[in-house]
Amino acid sequence: MRKFRPFDWRHNPGFGTFTALTILFLYAPLVVLVVYAFNANRLVTIWSGFSLKWFVQAVNDGNIRLAAETSLIVAGCATVCATTFAIAAALAFERGWNFLGRGIAVGVVMIPLVVPEIVVAVTTLIFFSMLDMRIGMLNLVIAHTVFCIPFAMLPMQGRLRSMGTACEDAARDLYGSEWRIFRRITLPLMAPGIVAGAILAFVSSLDDFLISFMVSGAGSTTLPVYVYGMMRQGVTPEVNAVSTILLLISAGLAVLVFLLSRPSAVSRTAGAPASAVPSS
Amino acid sequence: MNVADAVMLSVSGDRTLPEPAPKPLIEISDVEKIFGGGEIRALSDINIAINECEFFTLLGPSGCGKTTLLRMIAGFEHPSSGNIMLAGKDVLSLPPRARSVNMVFQNYALFPHLSVAQNIAFGLEMLNWSKFEISERVAEVLALVRLESFRSRKPAQLSGGQQQRVALARALAPRPQVLLLDEPLSALDLKLRKEMQFELKQLQRETGVTFVLVTHDQEEALAMSDRLVVMSAGRVQQLGTPQEIYGKPANRFVADFIGEANLIPGGLLGRRRDVTLSIRPERIEIATVSSFVKLYGVLKAATFLGADTLMEIEAGGIVVRARLRGAQMAAPGSEIGLCWPDDAEWELRE
Ligand SMILES: Nc1ncnc2c1ncn2[C@@H]1O[C@H](COP(=O)(O)OP(=O)(O)O)[C@@H](O)[C@H]1O
Ligand SMILES: [Mg+2]
């Protein structure tokens, strides 16, 4: 006799095959890329044994190193700036007075997410050349900060909304001034959202190609832009190696964001500020 | 002075001292609150004076505006019109942090990232107490709520009842003039709730702080309050001591909401047709002598409840409920005569 089971999509005929095909379609190119990064052969498509030499070569290549440095500096600076702006924006949207045009303001901040990236890239380029602003890496930092703000803001907004205002109200009731409440209560409680937002901003900046391609001048090439340049001279396993490293960094950070945004992360990650009560 | 004199003095002192006139600590006058640009009328015509050292309760069904009123006293909401005075001072222009009123929130709102001791110390730090005073006071209130051994735990590591006590300790630590409690017991299970009712009452007596409790549980309100106000649909229905409210309900709503009440039309008892009599089920008895009978009816059902038997009697188109001591033998379908003492009748003004 068959036991009654509640309906479950997973028991649908063909579901498993369909899932497997989807996963294959999504990840097979990545797997191929990573596998051939370890290929000993100079030709990308012919496997002739395992080797780490392309990684060594990539790491020792002065130009790649320079581009990687640029990428990290730009991503770092843009993350710090975007996160700061995003904290302010998230607080204004979630805790601020319900001002007229709040919806419009939210829309304006979110624009980089919905407008085609090429449009943002071109307008940024035109904007900079109109002002005749050629300040190298700073151009990149400014451009990246702008499109990173919505990525940084979304997790913070979500966190602020889900944690509610009860704790802040309690702190207000317990004679806290707004600034002290922000430092002692709001900031530690929204910390998981801030970290998640910062990581998302960092990854978006690191991965960005189009905007960097348009904005970066000589001497301020980011890694994706440099890899693109390498590709034009033919795909070498070195490109695979660099891509693999980028992939690992992005994936690692994405996993971190996922772990941070789980509900159970709250109590563990909301760091307690220095003990205020002398333990007797 | 010898002992007898001292006794004499204290006795005569007691006699000559006039009953101290209760001083209103919180005065709420003509308060009205309208939400959402005029659509939701949460409170109207609220006039309440709460005395010093009093255990005062706001009682009413869910959605009647209790929380809104409490949040107004704390300073989180602003009345649309009317006035609120605290200790003789107009507090409407003061933010929550400038009112010496503390609140125990409905879901406690403990700071999850701070330990129990840090939670309790928070208000004192905000008031810039010295480190020494803070640690003294934290130890004191921890002892008051019997949580000394939990001082370094995080709220997530405590049971519901313990969290509740931390919230109480945190709110009491800064020595507020008034403690506001928003349904503090509703998240606890029945047994714990009964215990906490007792503890709360005791805490109020020990500290002498004015407690203003919000609840929708009428038993809780009757058991704990010195005085209470029954609210419905944003209006005060009745204000008084538990005895007054139970024995002399002001209207149909109060009679029905507080305990059980039989609402018997006057016409049925040969009175004026426009009055309704409220009679508590436990005051009704089965008449043994026919001349005592005030109302005849047919027994519909008898439910044995252990100490009591609940009888439902149909009389003149309404069902009268009587709660009789012990097991009762009458069989359903039989006609019985009901009686009650005259003082069990309470005439309701509509
Ligand atoms: N911020 C608000 N905005 C609009 N309506 C509200 C707000 N707060 C409360 N209300 C309304 O006011 C009424 C009373 O609410 P509340 O004071 O929470 O009731 P209670 O605590 O007695 O259950 C309800 O109808 C509720 O919907
Ligand atoms: Mg409520």
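I need the full set of residues from the stretch B:45-58 which are within 12 Å of ligand 1 (Cβ to nearest atom) and within 20 Å of B:Asp217 (Cβ to Cβ), in order please.
Narrowing the stretch B:45-58 to residues within 12 Å of ligand 1 (Cβ to nearest atom): B:46, B:58.
Correct list: B:Leu58 only.
Taking the numbered list (1) away from ligand 2 (no atom under 16 Å from the Cβ); (2) more than 24 Å from A:Leu187 (Cβ to Cβ) in turn, B:Asn102 passes all entries but (2).
Candidates in the stretch B:25-34 are the residues that are under 17 Å from B:Val178 (Cβ atoms) and touching a helix residue (DSSP H, G or I) at 6+ places or on another chain (Cβ under 9 Å); of these, the one that is nearest to the other protein chains (Cβ to nearest Cβ) is B:Ile26.
If you go through the stretch B:271-301 and keep only what is assigned to a helix (DSSP H, G or I) and in contact (Cβ under 8 Å) with a residue 12 or more places away in the chain, you end up with B:Pro281, B:Glu282, B:Arg283, B:Ser290, B:Phe292.
Residues checked against (1) part of a helix (DSSP H, G or I); (2) within 14 Å of another protein chain (Cβ to nearest Cβ); (3) of a type in the set (Asp, Glu); (4) crowded, with 19+ Cβ neighbours inside 10 Å:
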| position | (1), (2), (3), (4) |
| --- | --- |
| A:Leu138 | yes, no, no, no |
| A:His144 | yes, no, no, yes |
| A:Cys148 | yes, no, no, yes |
| A:Ile181 | yes, yes, no, yes |
| A:Met190 | yes, yes, no, yes |
| A:Gly193 | yes, yes, no, yes |
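Only a single item in (1) more than 8 Å from chain A (Cβ to nearest Cβ); (2) within 18 Å of A:Glu168 (Cβ to Cβ); (3) not in a helix (DSSP H, G or I) is not met by B:Asn119, and it is number (3). Number of residues in the stretch B:122-135 that are more than 9 Å from chain A (Cβ to nearest Cβ) and either part of a helix (DSSP H, G or I) or in contact with a His (Cβ under 7 Å, 6 or more places away or on another chain) (or both): the value is 1.
List pairs: first residue in the stretch B:311-325 and free of Cβ contacts under 8 Å to residues at least 40 places away in the same chain, second residue small (Gly, Ala, Ser) anywhere in the structure, Cβ distance under 6 angstrom, at least six positions apart or on different chains. If the second residue must be small (Gly, Ala, Ser), the pairs left are B:Met311/B:Ala302; B:Met311/B:Ala322; B:Glu312/B:Ala301; B:Ile313/B:Gly297; B:Glu314/B:Gly297. Summed over the stretch B:59-82, residues that are near ligand 1 (Cβ under 8 Å from one of its atoms) and either more than 18 Å from B:Ser100 (Cα to Cα) or within 14 Å of chain A (Cβ to nearest Cβ) (or both) total 12.
Which residues, counting only those in the stretch B:103-116, are of a type in the set (Ser, Thr, Tyr) and either at the interface with another protein chain (Cβ under 7 Å from one of its Cβ atoms) or more than 14 Å from B:Ser152 (Cβ to Cβ) (or both)?
From the stretch B:103-116, those of a type in the set (Ser, Thr, Tyr) are B:108, B:115; that's our starting set.
Residue satisfying the conditions is B:Tyr108 alone.
Would you mind finding the one in B:Leu222, B:Leu268, B:Leu213, B:Leu228 that is of a type outside the set (Phe, Trp, Tyr), part of a helix (DSSP H, G or I) and under 24 Å from B:Pro24 (Cβ atoms)? Every option except B:Leu222 fails the conditions.
Can you find a residue that is touching a helix residue (DSSP H, G or I) at 6+ places or on another chain (Cβ under 6 Å) and assigned to a helix (DSSP H, G or I) anywhere in the stretch A:38-52? Talk me through it step by step, then tell me what you get.
In the first step, residues of the stretch A:38-52 are kept if they are touching a helix residue (DSSP H, G or I) at 6+ places or on another chain (Cβ under 6 Å); the result is A:39, A:44.
If we keep only those that are assigned to a helix (DSSP H, G or I) too, we end up with none.
No, the conditions are met nowhere in the stretch A:38-52.
Just one residue in the set B:Leu222, B:Leu203, B:Leu179, B:Leu188 is at pLDDT below 90 and either surrounded by 16 or more Cβ atoms within 10 Å (Cβ to Cβ) or of a type in the set (Val, Ile, Thr) (or both); that residue is B:Leu188.
Considering only the stretch B:238-257, I want to know if a residue exists there that is aromatic (Phe, Trp, Tyr), within 16 Å of ligand 1 (Cβ to nearest atom), within 22 Å of B:Ala322 (Cβ to Cβ) and part of a helix (DSSP H, G or I).
Kept after step one, since they are aromatic (Phe, Trp, Tyr), are these residues of the stretch B:238-257: B:246, B:253, B:257.
Filter once more, keeping what is within 16 Å of ligand 1 (Cβ to nearest atom): B:253, B:257.
From what is left, the residues that are within 22 Å of B:Ala322 (Cβ to Cβ) are B:257.
Still in the running and part of a helix (DSSP H, G or I): B:257.
Yes, the stretch B:238-257 contains at least one residue that is aromatic (Phe, Trp, Tyr), within 16 Å of ligand 1 (Cβ to nearest atom), within 22 Å of B:Ala322 (Cβ to Cβ) and part of a helix (DSSP H, G or I).
Can you pull out the residues in the stretch B:160-218 that are charged (D, E, K, R) and either within 16 Å of ligand 2 (Cβ to nearest atom) or within 19 Å of B:Ile50 (Cα to Cα) (or both)?
Keep residues of the stretch B:160-218 that are charged (D, E, K, R), which gives B:165, B:170, B:175, B:182-183, B:189, B:191, B:193-195, B:199, B:201, B:205-206, B:217.
Those that are charged (D, E, K, R) and either within 16 Å of ligand 2 (Cβ to nearest atom) or within 19 Å of B:Ile50 (Cα to Cα) (or both): B:Arg175, B:Asp182, B:Glu183, B:Lys201, B:Arg205, B:Glu206, B:Asp217.
Checking each residue in the stretch B:240-267 for being farther than 29 Å from B:Ile318 by Cα and not polar (S, T, N, Q) picks out only B:Gly240.
Quickly run through the stretch B:35-44 and pick out the residues that are near ligand 1 (Cβ under 9 Å from one of its atoms) and either away from chain A (no Cβ under 14 Å) or closer than 12 Å to B:Glu77 by Cα (or both). Step through it out loud before you land on a result.
Kept after step one, since they are near ligand 1 (Cβ under 9 Å from one of its atoms), are these residues of the stretch B:35-44: B:35-36, B:39-43.
Answer for the stretch B:35-44, where residues must be near ligand 1 (Cβ under 9 Å from one of its atoms) and either away from chain A (no Cβ under 14 Å) or closer than 12 Å to B:Glu77 by Cα (or both): B:Phe35, B:Glu39, B:Ile40, B:Arg41, B:Ala42, B:Leu43.
In the stretch B:186-229, which residue that is away from ligand 1 (no atom under 16 Å from the Cβ) and either of a type in the set (Val, Ile, Thr) or within 14 Å of chain A (Cβ to nearest Cβ) (or both) is farthest from B:Arg175 (Cα to Cα)? Top of the filtered list is B:Thr210.
Within the stretch A:201-210, one or more residues are modelled with pLDDT under 90, surrounded by fewer than 23 Cβ atoms within 10 Å (Cβ to Cβ), in the same structural domain as A:Ala251 (by TED's automatic domain parsing) and in a helix (DSSP H, G or I). Number of residues in the stretch A:93-123 that are within 25 Å of the chain's Cα centre (by Cα) and more than 23 Å from A:Gly197 (Cα to Cα) equals 4. Could you please find all residues in the stretch B:83-102 being more than 9 Å from chain A (Cβ to nearest Cβ) and over 19 Å from B:Thr210 (Cα atoms)? Those that are more than 9 Å from chain A (Cβ to nearest Cβ) and over 19 Å from B:Thr210 (Cα atoms): B:Asn83, B:Leu92, B:Ser93, B:Leu94.
Can you tell me which residue within the stretch A:240-267, out of those that are within 14 Å of another protein chain (Cβ to nearest Cβ) and touching a helix residue (DSSP H, G or I) at 6+ places or on another chain (Cβ under 9 Å), is modelled with the highest pLDDT? The selected residue is A:Pro263. Give the residue that is nearest to the other protein chains (Cβ to nearest Cβ), with candidates limited to residues of the stretch B:45-58 that are among the aliphatic types (A, V, I, L, M) and within 16 Å of ligand 2 (Cβ to nearest atom). Per the stated criteria, the residue is B:Leu58. For the stretch B:146-166, the condition holds for no residue, the condition being that it is aliphatic (A, V, I, L, M), part of a helix (DSSP H, G or I) and more than 14 Å from every other protein chain (Cβ to nearest Cβ).
State the number of residues belonging to the stretch A:152-174 that are closer than 19 Å to A:Pro112 by Cα and buried (at least 24 other Cβ atoms within 10 Å of the Cβ). Before the answer, list the steps.
Within the stretch A:152-174, the first condition is being closer than 19 Å to A:Pro112 by Cα, and the residues that meet it are A:152-158.
Next cut, buried (at least 24 other Cβ atoms within 10 Å of the Cβ) only: A:152-153, A:155-156.
Of the residues in that region, 4 qualify.
Got a number for residues in the stretch B:73-116 being closer than 27 Å to B:Arg153 by Cβ, assigned to a loop (DSSP other than H, G, I, E, B) and β-branched (Val, Ile, Thr)? Here the count works out to 0.
Let's see how each residue does on (1) surrounded by fewer than 17 Cβ atoms within 10 Å (Cβ to Cβ); (2) more than 24 Å from A:Ile249 (Cα to Cα):
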{"residue": "A:Pro6", "(1), (2)": "yes, yes"}
{"residue": "A:Asn12", "(1), (2)": "yes, yes"}
{"residue": "A:Leu24", "(1), (2)": "yes, no"}
{"residue": "A:Val34", "(1), (2)": "yes, no"}
{"residue": "A:Asn39", "(1), (2)": "no, no"}
{"residue": "A:Lys53", "(1), (2)": "yes, no"}
{"residue": "A:Asn63", "(1), (2)": "yes, no"}
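The values are calculated or read from the model by the stated rules, or taken from the named source; none is laboratory data. Bear in mind that the values here come from a model prediction, so they are computed numbers and not experimental data. Positions of Cβ are backbone-derived with ideal geometry, glycine not excepted, and every protein chain shown enters the neighbour counts.
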